1. Tell me which of these GLU228 doesn't satisfy, since it passes every other one: (1) closer than 20 Å to LEU407 by Cα; (2) buried (at least 16 other Cβ atoms within 10 Å of the Cβ).
2. Every residue in the range 415-433 that is under 10 Å from TYR459 (Cα atoms) and either of a type in the set (S, T, N, Q) or loosely packed, with under 14 Cβ neighbours inside 10 Å (or both), please.
3. Given the conditions (1) free of Cβ contacts under 8 Å to residues at least 60 places away in the same chain; (2) farther than 26 Å from SER249 by Cα; (3) among the aliphatic types (A, V, I, L, M), report the number of the one that ILE177 does not fulfil.
4. For the list (1) more than 21 Å from THR278 (Cα to Cα); (2) assigned to a loop (DSSP other than H, G, I, E, B), I need the number of the one condition that ILE253 fails.
5. Go through the range 147-174 and give me each residue that's more than 34 Å from the chain's Cα centre (by Cα) and surrounded by 12 or more Cβ atoms within 10 Å (Cβ to Cβ).
6. Since LEU271 meets every condition but one in (1) touching a helix residue (DSSP H, G or I) at 6+ places or on another chain (Cβ under 8 Å); (2) buried (at least 17 other Cβ atoms within 10 Å of the Cβ); (3) of a type in the set (A, V, I, L, M); (4) not in a helix (DSSP H, G or I), which condition does it not meet?
7. Mind checking whether some residue in the range 67-76 is hydroxyl-bearing (Ser, Thr, Tyr) and modelled with pLDDT of 80 or more?
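The values are calculated or read from the model by the stated rules, or taken from the named source; none is laboratory data. In this text, all values refer to a predicted model and were calculated from it rather than measured experimentally. Glycine also receives a Cβ, built like all others from the backbone with ideal geometry; neighbour counts cover every protein chain displayed.
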Amino acid sequence: MTKRKSNRWFALQASLLCGVLIGALPGLAGAADPPAGQAKTVSGGSTGADRKTEGNDTGTAVCDISGFTVKSVAPKGSNLTPNDVIKVEVDKLDELMAKLGQPECKGKRLALFFGDQPMPDLTYRPIVYSPKKNNLIYFSVKRDDKSQEIWRRALGVPTLKGNSTLVSIGLADGIAIGSDAKIRLNVIPEGRFYAWLAFLALLLIAFLVLAFKSDLLRDAGPSPGCGERRPFSLARTQGAWWFFIILASYLLIGLVTGDYLTSITAQALVLLGISAFTVVGGAAIDAGKQTPQGKAQQANAEAQANGEVVQAKVGLQAVQTAHDAQTALVTAAANAVQAAQKVADTSPGNAAAAQAAQTALVAHSFEVAKAAQTGATVAESRADLAEKQLKLNAARNQTESFFIDILSDADGVSFHRFQAAAWTVVLGIVFGCMVWRNLEMPAFNDYLLALMGISSGTYLWAKTTEAKVPTP
């Protein structure tokens, strides 16, 4: 190929490439936006019907009812049962209805709003609409699964005085029109509330009486005898804690929402299951330790602890006697000081009398110091006796006090018991507060449920190694 032919071939290729690029540039860069106020056109030809106005991508007018306002609202019934009707007074309602009849509002649905949320599938009843009736429009209240979340928001944090809720109307797929109208929902029926409260109080009182007069909340194991009781059980206390929290939550939710059938959630069952497993596991561990070897070890520990208590009592009696004698010497020294001072006062110039008074004062100070020492010894002996008595009670499987029992093993307060009790109390309070605020059983996530499981598992594992008798 000659040089001239090569140049011609190269020019042809370049012209073709330029043509392709020129044709592709509008598609790559996009059509330039028209100046402000000028309509832009659609590719493929532009007609009057194809033009789109600036800021309106649909090419149709917008159904706008924002210019209207709600003047007042009132429920027919204070509890808003499914048979009740909410009455809404709208300023210029006839104009609003005319607006809804225009083509741009075709297919739009007027809905009742609680706060900023429209009630699903709740439409006005045009049969009762009449501008001559003070611009009133009526909505039949409907409570179902679709509107349950909105009702929970309106009824959450219930009080005996009722909950105040902002009510308006608007398009179901839009926002509510302006409104300052509120209704007060009587969310807690007082009659049923006091009836359930009395029932729950009686149940709780009966439970507490049984808990302190029987072994309902106490550890398994041999009785300490001598009319004493076994210690309280942490696992059984946790089970009772969650039982009453979930029971009270269930009653509150049913009382306010009327939902007595679906309020129990999987998370609530898991919490009850963890508590029940902890109770059963703790009882099994206690029962497994009641072997002949364990009983013999407990008997030896009790005998040893009893001997230490007797010895501590004898020592306390001895130091108490010495302290009482020293207290008597202090009293005698104080009387001697008074007598010597009296003689010195009656003989101002008598140096011997003054010296005797000074000597008596020094002797009294000395006896007081010795009395302080013996008193400290008595306090130490009493503390030692109390500690040995605790060990004897632990060896006998005997109760001390509720909090000491649930937080302690035979050697005293243990951390694994403390952390299990702390998490139980904290999560129980959180559970109750969320029920009161949202009127539904809270959905604890997997991490919180795992935390409860780990806490209970740690308690059971540590219980297998807990000392049943005090460690020497």
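1. All conditions pass for GLU228, except number (2).
2. Hits for the range 415-433 are PHE415, GLN419.
3. Only one criterion is unmet by ILE177, namely (1).
4. (2)
5. Hits for the range 147-174 are ILE169, GLY170, LEU171, ALA172, GLY174.
6. (4)
7. Yes - at least one qualifying residue is present in the range 67-76.
Results for (1) part of a helix (DSSP H, G or I); (2) free of Cβ contacts under 8 Å to residues at least 40 places away in the same chain; (3) charged (D, E, K, R), shown as yes or no for each residue.
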residue: GLN298; (1), (2), (3): yes, no, no
residue: VAL309; (1), (2), (3): yes, no, no
residue: VAL314; (1), (2), (3): yes, yes, no
residue: ALA332; (1), (2), (3): yes, yes, no
residue: GLY349; (1), (2), (3): no, yes, no
residue: ALA352; (1), (2), (3): yes, yes, no
residue: PHE366; (1), (2), (3): yes, yes, no
